[in-house]
1. Output ³J(HN,Hα) for segment 16-27: one whole-Hz value per residue in order, computed from phi by the Karplus curve 6.51 cos²θ - 1.76 cosθ + 1.60 with θ = phi - 60°, and x for Gly and Pro.
2. Calculate how many DSSP beta bridges within the chain are antiparallel, expressed in % of all such bridges and rounded to the nearest 5.
3. Based on the Kirkwood radius over alpha-carbon pairs, what value in µm²/s does the Stokes-Einstein equation return for the translational diffusion coefficient of the chain at 25 °C and 0.890 mPa s?
4. Using a cut-off of under 15 Å, list every residue of segment 75-108 whose amide N is near the label point 7 Å from the Cα of L127 along the Cα-to-beta-carbon line.
5. Just order 182-193, 1-12, 91-102 by mean Cβ neighbour count inside 10 Å, highest at the front, would you?
6. What full-extension length gain, to one decimal in nm, is calculated for T2 and K215 as 0.36 nm per residue of separation minus the Cα-Cα distance?
7. Packing-wise, with mean Cβ within 10 Å as the measure, how do 156-167, 63-74 rank, highest first?
8. Going by Cα centres, segment 8-22 and segment 193-210 are how many Å apart?
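What follows draws every value from the coordinates through simple rules; no lab data is involved. As the structure is a computational prediction, the values presented were derived from the model and not from experiment. So basically every Cβ, Gly included, is an ideal-geometry build from the backbone, and we count neighbours across all protein chains shown.
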Amino acid sequence: MTVAELARQFAVSAVTIRSDLAALDEIGALVRIHGGALPRRESDELPIDVKQSLHRAEKIRIATAAIQLIRDGETVILDSGTTTAEIAKQMRGLKLGSLNVITNALNIAVLLASVAFVNLVIPGGVLRRRSWSLSGPQAENAIRNLQADTLFLGVDSLDPEVGLMTPYVLEAQLNAQMIRIARRVVAVTDSSKLLRRNLSVISAVDQVDLLITDKRADAECIEAIRARGVEVKLV
């Protein structure tokens, strides 16, 4: 839309509209062009501070269910993502003696860095700035000889037929390595990510032990996932 069209629609000045469009462009909600704005393309990545505001209530419920699986003295992996970041926030309130946490997400590392009972392990790698996540061969090699009790894996897309997916090839490879070193794999994602497909396949659905998602999930999709031997918890 153009600045003039928006000014007429909202009965405000063009100066106000330009300021609003600039702010929305800054957070990645749209693309600012001369004289107006374009919608963000589906392939464009939203900044993490925008992502964390989407489906917020569902992410909180999913995280609440996830942390109930954590036991004292265990080693867990928190993949990058806004749902796993919510797990990290709630993890800070647990009453544990010790917990090893492996994460490739800098925002999660910051959340847990001051928690006394957490022994934090951060692999190296290449930083993807919009998500604050590290990936690449360095990260894969850093965790290759580690072992974990539980992997909490956030996914961009999950289709029962294709598997778990992400748009980012390097992150798909790192996630696959995380699955290999984890005794239990817990996928955590809100229902908007189900029945979507993406560029890079992380693994088949049957590599997941438990999926935690919200109650708005498509019933046929959930049944198809369960038919592949995956436990599903709806919150």
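1. Coupling constants for segment 16-27: 5, 4, 4, 5, 5, 5, 5, 5, 5, 5, 4, 8 Hz.
2. 40
3. Calculated translational D: 130 µm²/s.
4. Correct set: 104-108.
5. Result, highest mean Cβ count within 10 Å first: 182-193, 91-102, 1-12.
6. Fully extending the segment from T2 to K215 adds 72.8 nm.
7. Going from most to least packed, we get 156-167, 63-74.
8. Comparing the Cα centres of segment 8-22 and segment 193-210, I get a distance of 42 Å.
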